[in-house]
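The values are calculated or read from the model by the stated rules, or taken from the named source; none is laboratory data. Note that the structure is a prediction, hence the values are computed from the model and not measured. All Cβ positions, glycine included, derive from the backbone under ideal geometry; neighbour counts span all protein chains shown. Heads up: the accessible areas ignore ligands, DNA and RNA and are worked out on the full protein's heavy atoms, side chains in. Shrake-Rupley method; radii C 1.70, N 1.55, O 1.52, S 1.80 Å.
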Amino acid sequence: MSHTSPAATGLTGLGELGHAFADEVPELALPWTAAEAPTPRLLALNETLADELGLEPAELRTDAGLGLLVGTRPPAGSKPVAQGYAGHQFGGFAPRLGDGRALLLGELRGRDGRLRDLHLKGSGRTPWARGGDGLAAVGPMLREYVVSEALHHLGIPTTRALAVTATGATVRREVPLPGAVLARVASSHLRVGSFQYARALDQASDQTSDQASDAHSGELGGDVVRRLADHAIARHYPELAAIGSDDERYLALYRSVVSAQATLVARWMLVGFVHGVMNTDNVTISGETIDFGPCAFLDVFDPTTVFSSIDEGGRYAFGNQPPITEWNLARLAEALLPLLHEQQEQAVEIAVEALGGFREQYAEAWSTGMRAKLGISHVDAEVGGALVDDLFALIRGQADYTSYFRALGRAARGNLADARDGVLDVAGFDAWATRWSSLQPDAGAMDRVNPIYVARNHLVEEALADATAGDLAAFERLNAALARPFDERSGLERYAEPAPQSFGPYTTYCGT
Ligand code: AMP
Ligand code: MG
C-alpha cells in the first residue's frame, strides 16, 4: 500500500495533526493508510469529547468528518502510522506485535492545551497484522466505547472513545458481522511493550556492532530506548526534563510510571473492574486504562473472578491485578536498564529499589479509596484496614459488589436491611456494623464515591446485541446512565440491579 497524500479535511479545530512520535521514534512508526470504508455510517459520536478537543460535532457527521473518523481522509500534512511494540502475552514474550489493525492518525491539541493521540482501531491490515484481517466488528468497538467512557465518568484514567463508525464492510468471525472503526483519544499510546520493542532493537544493533568491532564488555547500548524515553518524558512527565543527570531523569520516569500504574490498578480494584488482558502491550506509560477486550465489572465480589474465555489459568483474575501490574512494571524496568546505569548490575539494583515503591503506593491508594467507600476517610489506615478485611470476608462470594456499597450507604443512614440481607452471616454483619457505625460513617460522602451505575455485563451484552442488529437505543440509554454513575435517577432502576439469574456465568471474548 502506498502512502498517498490525503486531502485536507477542512474541519474546524483540526489543523495539521502533530507527528512528534513518528518523527522522534521512527523505528516504532510505520507510515500507513487506512483501508477504504465502503459506506461509512456514524453509530456513536461523543459530542462532549469532540467539543473538548475543539472539534465541531456537526462537522464530524459530514462526509469529511466520517473520512477523518475512519482514517481515509486524514488532514493534510498528517503522517498516519502503525505503531510497533512487543509484549508479554499471558507471560510469554511476543517480540513483534504492533498495531495490526490500528493507526495513529496523529497528535491533537485540545481546548485545554493538552496533547492527545487521535487513533483508529479496525482501520485495515497493517504490516503488523500477521494472520489477522485488520478489521473490527461493531460489537467490540461499541464495547470499548461504552466501557472506556464508563471508566472516565467514574474518574478513572482511560483512553476515551470519540466515535464508532460502521464501515459497511462485513467482518468474518464465527459468523459474518458488521465492521466498524473506533476513533479513540489517549494521552498517548506508549506502552510497556513499546519500550520492550525499542530495547530489542537496541540489543539487535548492539550485537551487530559487537560482531563488527568485537569491543564490548558489559556496557549497555540504548539509542532507541533513550529516544523513546525522552519522548515519553516530554509527553507525560515534562517536569522531569529539568533533571540534569541522565540516570536520575530516566529513573524518575520509571518511578512516575510505577506511581501512575499503582494508582490506576487501585482504582480498578475499588470499582470492581476486571481488565481481562493485562499483557504488557496493554499497559500504558501514561497510566491510562487501554484496550477493552474481555473486560467486565464484578457482579458478586470474588477475587478469583475471571471473565475472559482465553484466560484459562486465571492469570488476570480480579484479585491478581495488582501483582500482575507489578510484574508488568518489572518488564518495563528490564527494557529501561541501559538508561538507569551503565553497569547492568547496578542498573538492576536501582530498578528493583524503584519497583519496591509499587506495593506501598498501591496499598496507600487502595486503603484511602476503601476508607472513602466506607465513609470513614477520617479513620486511620490500620483501623480502616481491619474493617475492610472483615467486610470482604463477609461479602465474598455473596454480595453484588457495586450495589452492596450503596446498601452500606443506606446502612450509614440507619437503614440496615439491605446490607444485612446481602450476607449469610447476619450475626457477623451485626457485629461488623456496630464497629463501623461507631466511627460515624459519612453517608453522603459514600454516595459520592460508590457508583450506583456501572457497565454491568448483561446490560452491555444487551446493548451490543441490539446495536449489531441495527438498533442503537439500548446502547444510547446505557451510555446516558453511565455518564452520571453516582447520581441515582428514577427510571434507571434496572441499570442498578445485578444480572438476572437467567444471565448465567459470564464469559467475554477478546475484542477481535
Ligand atoms: P489486543 O488483544 O487488541 O490488545 O491485540 C493484540 C495484538 O493483536 C495487537 O498487536 C493487535 O494489533 C493484534 N490484532 C488483534 N486483532 C487483530 C486483527 N483482527 N487483525 C490484525 N491484528 C489484530
Ligand atoms: Mg492491545
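Need the full-extension length gain, GLU174 to ARG420, defined as separation in residues times 0.36 nm minus the C-alpha distance. One decimal, nm.
So the chain would gain 84.1 nm between GLU174 and ARG420.
Taking only the alpha-carbon atoms of the range 384-471, what semi-axes of the equivalent ellipsoid follow from 5 times the gyration tensor eigenvalues under a square root, in whole Å, largest first? Please list the in-between numbers first.
On the way: eigenvalues 192, 43, 22 Å².
One finds semi-axes of 31, 15, 11 Å for the range 384-471.
Accessible area of the chain with a 1.4 Å probe: how many percent of it is carbon plus sulfur?
Numbers: 10610 of 20570 Å².
Looking at the chain in its full context, I get 52 percent from C and S.
Might you work out the accessible area of HIS153 for me, using a 1.4 Å probe with all protein chains in place, and round it to the nearest 10 Å²?
70 Å²
If amide H atoms are built 1.01 Å from N in the plane of the peptide, which residues on other chains or at least 5 residues away come under 5 Å of the amide H of GLN398?
PHE301
Students sometimes get this wrong: rank ASP99, ASP133, ASP112 by accessible area, probe 1.4 Å, all chains present, largest first.
So the residues, ranked largest to smallest area, are ASP112, ASP133, ASP99.
Taking a probe of 1.4 Å, how large is the accessible area per residue of the range 92-172, in Å²?
Here the residues of the range 92-172 average 31 Å² of exposed surface.
Taking the solvent-accessible surface of protein heavy atoms with a 1.4 Å probe, what is the per residue accessible area of the range 364-512 in Å²?
Normalised by residue count, the accessible surface of the range 364-512 is 47 Å².
Give me the dipole magnitude in Debye, nearest 20, for the chain about the Cα centre, with unit charges on the beta carbon: positive for Lys and Arg, negative for Asp and Glu. Walk me through the numbers before you get to the answer.
Working: 43 positive and 65 negative charges, 257 e Å.
For the chain, the charge dipole is close to 1240 debye.
Go from 0 up to the bin containing the longest alpha carbon distance in the chain, width 20 Å each, and give me the % of pairs per bin.
22, 53, 23, 1
Normalised by the number of residues in the chain, what is the relative contact order in percent for Cα pairs under 8 Å and 6+ residues apart?
So the answer I get is 14 percent.
For the range 1-116, what class follows from the C-alpha gyration tensor (a ≥ b ≥ c being the square roots of its eigenvalues): rounded when a/c is under 1.5, otherwise prolate if a/b is larger than b/c, else oblate?
Because a/c hits 1.5 or more and a/b exceeds b/c, the range 1-116 counts as prolate.
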